[in-house]
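Below: the structure, in structure tokens.
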Amino acid sequence: MSTIDIPDEHDDIDGIEVIDIRSGDRSTPFEHRVEPVSKTTKAIKFLESHRDVQISSAAIRRIAYGAVEPGLLEGARLERHRVETGWLSVLTYRAYTLMLSPAIENDRLLDEAHYAADPDTSANLRVLAMPTAHDTDATLVYADAMDDLLAAIDRASKGVRKNNPQEVGRRIVERPLTAVPATFLNPGRHPDDDLSLVDGNSRWASCTVGIKVPASSIRPTNAKDPDSLLPSHLMRLPLVERRDLVREIVKNAHRDINAATGTSRAARARRDQAARLLNAMTVPVQVIVGYTDDNPDMGMGRFPVAVRSLLMRMNIGVREFKEPSKNGVTAEEIVTALFDAGELGDDAQAVRDVLLGRADVTDAMKSLGLNPAFRDLRFTYVVQQLTRKEPRLNAVMAAKLDKRSLQVTHRSGPIVELGLRSYSSLPKEKLAPVRTALDTGCLWQALADHEWSVENIDNDQAVDDLLARADNGDVPARLLLGVIAMVTLVTSGYLLAPGGSAEQIVGNIKVMRAGVGTVIKTVLDTKEGRQVLADAIKRIRAGLPPKWWADGHLVEKDGWKGSDFNAHLRLAANHGFAPEGHQNDPTATELEDKALTAFQTSLTTAASDLDDLIAMRKMNGTTTELSWTVVEPSFKQLSFMGNDLARIAEGEPR
């Protein structure tokens, strides 16, 4: 049976050659042959006795069985890769593509995944629990049921195949993939280990896109098309059968080449397609086989973090993560590091589960005194936990975000991605403007300057009580009210990123075009604003549109859309809740306030730009110092600015 799938419209017929992948003598004609198992014995013994190889015998056997030239593994030199927490030992060789499996879940798709923190997420679409560390081996451990793992890996593979197709087959894959041993705690009737990719999933998916599985080599599955290769097909096979499948596919491809004689279009098409398949059947791979932590007491405890750290570094300059996905990975690294450092309090496991949102948060939310049915409470809890001003928390976040000093704006990205996991079931077209609005800046400085906590504000009376305390000058109550209101308004579409039509909606009066956090912070400082926000929480939770402040009280506005409320809230942030008669020309005081805000914003931007420069030098390995003639003007400007600011500001309190 042929393993090649040729589209009827195939026109690309230009004599594709099968590339010789042998490392030794190439004087004889090349025909791809899978080595017998007996050729793996010496390689297995060598790796089992190597002091830096810290993986199981089963994982070593997978490496040897999957190697194109297993003899080269004997005496192979391991490389050491530096990561944030220690050193990874890496073995590089050429492997059969089908002896590797793509990532269980692809970190590039984190922002599109569905999370258990969202009560509306379908169980069969949820992301899995994060892999944990093995006690002694450099191996990722997955605790989910095997059926869930297989469904997730198929989903992820289909996603990258669709979103990031690669040109493979005309040439062999030359840039190495990266894999790590994985073990499964609940394998059922399937193998309990694999070699799982952490980088190169798109290349793997493109290499396998044209392969059909020979019926004689695969067990029946629940797939709609059992002949179409999916990662789950491979992961169901015992190691020897999986290798036999590779042998059969290679043999069939060579048979197709030999049988397709002549110069007809069909014959050339079959030869070319078979050549493409053979060229895609092998890939260079770096397998992580060991790990040494900087802190010996940690053992393998931080191995999953180390692997992810390597992944983030490898995805720079090739096809970078989208910012939301990158923020999602960074957020999970921050939470994991805080958990490992004991910085999440007495109920650390519950706090971790609520922040990550991957597992069902019902019990965890209850243990923290929060109603799990309220998505806005979990989002608010994420904001509170990651704006705390404890020095250790700030140090961890600054390190993970690669910032010299941690500013409140730096925290926004990870907070947004963790918070939005409570809303992950929203359609993309509804979630996109929510993320856009939050990405304009959803935090304000007071959240990091004051101690505040999240209370179980899950009914109208609780909202009214919170408002009363906020009106009486209770700063923590005011902050809690503001964050819940911000989350509620943004996720329901009533507070948006500043749109071009906002001024037209409110009669061509200038509105505040700052981030949503700044808008809420400004409105929160007025009594009318606090009433509008508190009422909005209650009404939006009840499925009703928020009221507006007019003529000294709250009124319903028939016909208002989300953009109308957004424009009026931004108008109120700029001019108060009685802007009638307010002209476009601001007062002198307003101009001074705006100038100060612009200056402070530019300082934050400049500090961020300096962080980027330092990070770039670190990534490039640059150690030479900048010449004084280059940086002298910057030093002088900073000095002059400090002196000028001191002349118009109060002295620092002693």
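Given (1) without any contact (Cβ under 8 Å) to a residue 24 or more places away in the chain; (2) open to solvent by 20 Å² or more (accessible area, probe 1.4 Å); (3) of a type in the set (Gly, Ala, Ser), identify the lone condition not met by ALA364.
Against the list (1) without any contact (Cβ under 8 Å) to a residue 24 or more places away in the chain; (2) open to solvent by 20 Å² or more (accessible area, probe 1.4 Å); (3) of a type in the set (Gly, Ala, Ser), ALA364 comes up short only on (2).
Give the number of residues within the range 434-454 that are more than 24 Å from ASN394 (Cβ to Cβ) and open to solvent by less than 60 Å² (accessible area, probe 1.4 Å).
Step one: filter the range 434-454 for residues more than 24 Å from ASN394 (Cβ to Cβ), giving 434-437.
If we keep only those that are open to solvent by less than 60 Å² (accessible area, probe 1.4 Å) as well, we get 434-435, 437.
Selection size over the range 434-454: 3.
Would you be able to say whether some residue in the range 115-127 is open to solvent by 10 Å² or more (accessible area, probe 1.4 Å), aromatic (Phe, Trp, Tyr) and touching a residue at least 12 places away in the same chain (Cβ under 8 Å)?
Within the range 115-127 (the criterion being open to solvent by 10 Å² or more (accessible area, probe 1.4 Å), aromatic (Phe, Trp, Tyr) and touching a residue at least 12 places away in the same chain (Cβ under 8 Å)), the answer is no, since none of the residues qualifies.
Identify, from the list ALA269, ALA306, ALA275, the residue that is open to solvent by less than 10 Å² (accessible area, probe 1.4 Å), within 19 Å of ARG203 (Cβ to Cβ) and either at pLDDT below 90 or among the aliphatic types (A, V, I, L, M) (or both).
On the way: ALA269 fails: within 19 Å of ARG203 (Cβ to Cβ); ALA306 fails: within 19 Å of ARG203 (Cβ to Cβ).
Checking each option against the conditions leaves just ALA275.
Taking only pairs six or more apart or across chains, which ones have beta-carbon atoms under 8 Å, a first residue in the range 450-463 that is free of Cβ contacts under 8 Å to residues at least 60 places away in the same chain and under 23 Å from GLU390 (Cβ atoms), and a second residue that is polar (S, T, N, Q) and open to solvent by less than 40 Å² (accessible area, probe 1.4 Å)?
From the range 450-463, no pairs qualify.
Which of the residues spanning the range 367-409 are farther than 30 Å from PRO119 by Cα and of a type in the set (Ser, Thr, Tyr)?
SER405
Out of the range 55-100, which residues are farther than 19 Å from MET281 by Cβ, part of a loop (DSSP other than H, G, I, E, B) and open to solvent by less than 60 Å² (accessible area, probe 1.4 Å)?
ILE55, SER56, GLY75, ALA76, LEU78, THR85
Of ALA448, ALA470, which residue is touching a Lys or Arg at 6+ places or on another chain (Cβ under 7 Å) and within 21 Å of ARG352 (Cα to Cα)? Outline the logic, then answer.
Working: ALA470 fails: within 21 Å of ARG352 (Cα to Cα).
Just one listed residue meets the conditions, ALA448.
Out of the residues in the range 367-407 that are touching an Asp or Glu at 6+ places or on another chain (Cβ under 9 Å), in a helix (DSSP H, G or I) and not hydrophobic (A, V, I, L, M, F, W, C), state the one that is nearest to SER424 (Cα to Cα).
Looking at the filtered set, the residue picked out is ARG375.
Hey, can you tell me all the residues within the range 224-246 that are open to solvent by 30 Å² or more (accessible area, probe 1.4 Å) and at pLDDT below 90? Before you say what the answer is, go through the steps one by one.
Narrowing the range 224-246 to residues open to solvent by 30 Å² or more (accessible area, probe 1.4 Å): 224-228, 236, 238, 240-241, 244.
Listed by number, the residues that qualify are LYS224, ASP225, PRO226, ASP227, SER228.
With respect to ALA364, is the statement that it is closer than 26 Å to LYS618 by Cβ and part of a helix (DSSP H, G or I) true? Before you say what the answer is, go through the steps one by one.
On the way: closer than 26 Å to LYS618 by Cβ: no; part of a helix (DSSP H, G or I): yes.
No.
Here is a list of conditions, (1) touching a helix residue (DSSP H, G or I) at 6+ places or on another chain (Cβ under 6 Å); (2) more than 23 Å from LEU277 (Cβ to Cβ); (3) assigned to a loop (DSSP other than H, G, I, E, B), and ASP111 meets all of them except one; can you say which number that is?
(3)
Specify which of the listed residues (LEU496, LEU544) is touching a helix residue (DSSP H, G or I) at 6+ places or on another chain (Cβ under 7 Å) and within 19 Å of ASP376 (Cα to Cα).
Details: LEU544 fails: touching a helix residue (DSSP H, G or I) at 6+ places or on another chain (Cβ under 7 Å).
Of LEU496, LEU544, the one residue that is touching a helix residue (DSSP H, G or I) at 6+ places or on another chain (Cβ under 7 Å) and within 19 Å of ASP376 (Cα to Cα) is LEU496.
Assess whether ASP471 counts as being open to solvent by 20 Å² or more (accessible area, probe 1.4 Å), of a type outside the set (A, V, I, L, M, F, W, C) and closer than 28 Å to THR597 by Cα. Spell out the reasoning first.
On the way: open to solvent by 20 Å² or more (accessible area, probe 1.4 Å): yes; of a type outside the set (A, V, I, L, M, F, W, C): yes; closer than 28 Å to THR597 by Cα: yes.
It is true that ASP471 is open to solvent by 20 Å² or more (accessible area, probe 1.4 Å), of a type outside the set (A, V, I, L, M, F, W, C) and closer than 28 Å to THR597 by Cα.
The values are calculated or read from the model by the stated rules, or taken from the named source; none is laboratory data. Quantities reported herein were computed from a predicted structural model and do not represent experimental measurements. All Cβ positions, even for glycine, are placed from backbone atoms using ideal geometry, and neighbour counts span all protein chains on display. Note: accessible area is taken over every heavy atom of the protein model, side chains too, but ligands, DNA and RNA are not part of it. Shrake-Rupley method; radii C 1.70, N 1.55, O 1.52, S 1.80 Å.
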